[in-house]
Amino acid sequence: MIKSELIEFVAKKAYLTKKAAKEAVETVLEEIYRRLAKGEKVTLSGFGTFFVKKVKAKKGRKSPNDATPVVHKAHRVVRFRVSKKLKSVVK
């Protein structure tokens, strides 16, 4: 499913215009982005939890064939933990 399909689905299911459904979906996504940018957890009951994890700086190699050492900077990444309900549906 892509974003436009989600908007169409929301419009049909909630009896909204596509414009209203698009605004609703984008508002939810913007709020999720905003909360994650602050480092907060976003939990959607029955779906899962988005959270930000800090990755430490580490040494690595440029490529498997080139032994040139490279330092990967510390950074933050978004992770997702699936809920038990979603996990059981997918099994």
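Quick query: amide H of residue 16 versus all other amide H atoms, modeled in the peptide plane; which residues come in under 5 Å with a sequence gap of 5 or more or a different chain?
none
Does anyone have the angle between helix 3-13 and the longest principal axis of the chain? Alpha-carbon axes, 0 to 90°, nearest 10?
Roughly 30 degrees, rounded to the nearest 10.
For the chain, what does the relative contact order come out to in percent, with C-alpha contacts under 8 Å and a separation of six or more?
On the way: 101 pairs, mean separation 18.9, N = 91.
This gives 21 percent for the chain.
I'd like the Karplus ³J(HN,Hα) series for segment 20-35: coefficients 6.51, -1.76, 1.60, θ = phi - 60°, whole numbers in Hz, and an x wherever there's a Gly or Pro.
Running phi through 6.51 cos²θ - 1.76 cosθ + 1.60 with θ = phi - 60° gives 5, 5, 4, 5, 5, 4, 5, 5, 4, 5, 4, 5, 4, 4, 4, 5 Hz.
Hey, got the dipole for the chain? About the Cα centre, +1 on K and R Cβ, -1 on D and E Cβ, debye to the nearest 20?
I would put it at about 620 debye.
Apply the Karplus parameterisation 6.51 cos²θ - 1.76 cosθ + 1.60, with θ equal to phi minus 60°, to every residue of segment 62-79 and state each ³J(HN,Hα) to the nearest whole Hz, in sequence, with x for glycine and proline.
4, 7, x, 8, 10, 7, 4, x, 9, 9, 8, 5, 5, 7, 10, 10, 8, 10
Anyone know which of 52, 71, 28 comes out most mobile in the 10 Å Cα GNM of the chain?
71
At 0.36 nm per residue, minus the direct Cα-Cα distance, what do residue 13 and residue 45 gain on full extension? Give it in nm, one decimal, please.
9.6 nm
Pop out the ³J(HN,Hα) list for segment 82-90 in order, Karplus 6.51 cos²θ - 1.76 cosθ + 1.60 with θ = phi - 60°, rounded to Hz; leave Gly and Pro as x.
6, 6, 4, 4, 5, 4, 5, 5, 6
Can you pick out the pairs among 38/73; 41/84; 53/73; 58/87 whose Cα atoms lie more than 23 Å from each other? Walk me through the intermediate numbers first.
Values: 38/73 20 Å; 41/84 17 Å; 53/73 14 Å; 58/87 32 Å.
Result: 58/87 exceed 23 Å.
Expressed in nm to one decimal, what extension gain is obtained for the pair residue 90 and residue 5 from 0.36 nm per residue of sequence separation less their Cα-Cα distance? Provide the component values of the computation, followed by the final result.
On the way: separation 85, 0.36 × 85 = 30.60 nm, distance 2.03 nm.
Result for the pair: 28.6 nm of gain on full extension.
Among [x] 0.93; [y] 1.14; [z] 1.16, find the value of Rg/Rh (Cα atoms, Kirkwood Rh) that was calculated from the structure presented, and write down its label.
[z]
Read-outs throughout are calculated quantities, based only on the coordinates presented, and are distinct from any laboratory measurement. Just so you know, these numbers come straight off a predicted model, no measurement behind them. Neighbour counts run over all protein chains shown; Cβ positions are idealised from the backbone, glycine included.
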